[in-house]
Amino acid sequence: MGKNGPISVSAPGTSLTTASGQNVTFSTRYPFAKLDSTSKNSFQVITLLFNREPPNPAPSPGNTGTTRTLVYSFTHGYTYIPSTWFLVSLDNFTTVLGSEGVWILGSASGVSPASATFEVDVDATSVNFYVKKTWTNDGITPTPSVIGFFVTVRAYIFVEDLTATSVPSQA
């Protein structure tokens, strides 16, 4: 097997035996992300409406507290931790905030005394969505509030785990 994998294609005018970097236009050196077309959980768009406020932290005056609340969970259908990718939006994908771990309220600069982030944890059976709130009880800043927010998530649950052992070992 060559350094670019058992199947490789080089750019026009470049020898495949010496091609590297941008001169390799296709390679099986690394595993491909594979979605299971028979599983409704493999690719889905989930919209969460916060019609109830997740609990706020309750730190003593002058201190900062954090709470993390499970807001949605679904089984992914595998018996291992699959490779995943999530995109998050607050406006039905007119814009994208980013992947899991994005700020849905407050400032990512770390100077906001009230914030909420959207987090995802995946285990061997489930995908779990959380809202993590942080609040500094400074006597001025109100607690973080996400009631009325719509959070839309594109969930990609890939067939394989994170071991990257699907690359063929022979040509």
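The values are calculated or read from the model by the stated rules, or taken from the named source; none is laboratory data. Predicted model, so just to flag it, every value in this text is computed and none were measured. All Cβ positions, glycine included, derive from the backbone under ideal geometry; neighbour counts span all protein chains shown.
Anything in the range 61-82 that is hydrophobic (A, V, I, L, M, F, W, C) and in a loop (DSSP other than H, G, I, E, B)? List them, or say none. Scanning the range 61-82 gives a single hit, 81.
Of the residues making up the range 105-151, those that are surrounded by fewer than 18 Cβ atoms within 10 Å (Cβ to Cβ), β-branched (Val, Ile, Thr) and over 29 Å from residue 60 (Cα atoms) number 1.
Let me confirm something: among 41, 128, 23, which residue is more than 16 Å from the chain's Cα centre (by Cα) and not small (Gly, Ala, Ser)? Residue meeting the stated conditions: 23.
Restricting the range 27-76 to residues that are among the small types (Gly, Ala, Ser) and buried (at least 16 other Cβ atoms within 10 Å of the Cβ), the residue that is modelled with the lowest pLDDT is 27. Here's a check for you: in the range 83-117, which residue that is part of a strand (DSSP E or B) and of a type in the set (Ser, Thr, Tyr) is farthest from residue 138 (Cα to Cα)? Here the residue is 83.
Among what's in the range 77-95 and is polar (S, T, N, Q) and surrounded by 14 or more Cβ atoms within 10 Å (Cβ to Cβ), pick the residue that is modelled with the lowest pLDDT. Full working, then the answer.
So the first thing to find is which residues in the range 77-95 are polar (S, T, N, Q), and the list is 79, 83-84, 89, 92, 94-95.
Now drop any that are not surrounded by 14 or more Cβ atoms within 10 Å (Cβ to Cβ), which leaves 83-84, 89.
Numbers: 83: 88, 84: 91, 89: 96.
Among residues in the range 77-95 that are polar (S, T, N, Q) and surrounded by 14 or more Cβ atoms within 10 Å (Cβ to Cβ), the one modelled with the lowest pLDDT is 83.
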